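Nothing in this text is a laboratory measurement; each read-out follows from the coordinates by a stated rule. Only a predicted model underlies this, so the values are computations on that prediction, with no experimental measurement involved. A quick note on method: Cβ atoms are made from the backbone with ideal geometry, for glycine too, and the neighbour counts reach across all protein chains shown.
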């Protein structure tokens, strides 16, 4: 799902200007990879912030993914790392309020290494995005590195 959303959109947003500027195919491909990876990192980080950030920092209510019962990077990682524990946890969540569910999710994800693994996955995508910029000359590369760091370090 991550690849079909933000990653695909940003990949094209980075590639199309290079194509229009008649850049070499290798540069176009690397810019698409940059956008794709930064988009995947962004989406994973967004899933993390939805659970671990505060309402003040996000500027919106938290838990919309939980309310909608959406699959996120965190829930997929939980299913991968600790499938039996995750299934048991989900069965106990039924009648809790959203705040109780969020608190329970935070504890579960931290205690079972899900938060750490998911954060590491987002970091890897950001690192891969930066590596894809090796073919981009300055000053353009500096701006894209700054953009990556802004996205990676956001708290909202």
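Structure data summary
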read-out: Distance (nanometres) between label positions extended 7 Å along Cα→Cβ at residue 149 and residue 69; value: 4.4 nm
read-out: On Cα atoms only, tilt of 98-111 relative to the major axis of the chain in degrees; value: 70 degrees
read-out: Quotient of C-alpha Rg and 2.2 N^0.38 Å, computed over the chain; value: 1.19
read-out: Estimated FRET transfer efficiency when R0 is 22 angstrom, pair residue 116-residue 90 (beta carbons, to 0.05); value: 0.60
read-out: Sorted by Cβ neighbour density within 10 Å, fewest at the top, the residues 107, 75; value: 107, 75
read-out: Relative contact order %, the chain, counting alpha carbon pairs below 8 Å whose residues are six or more apart; value: 30 percent
read-out: Burial order of peptide ranges 76-82, 62-68 (average beta-carbon count within 10 Å, highest first); value: 76-82, 62-68
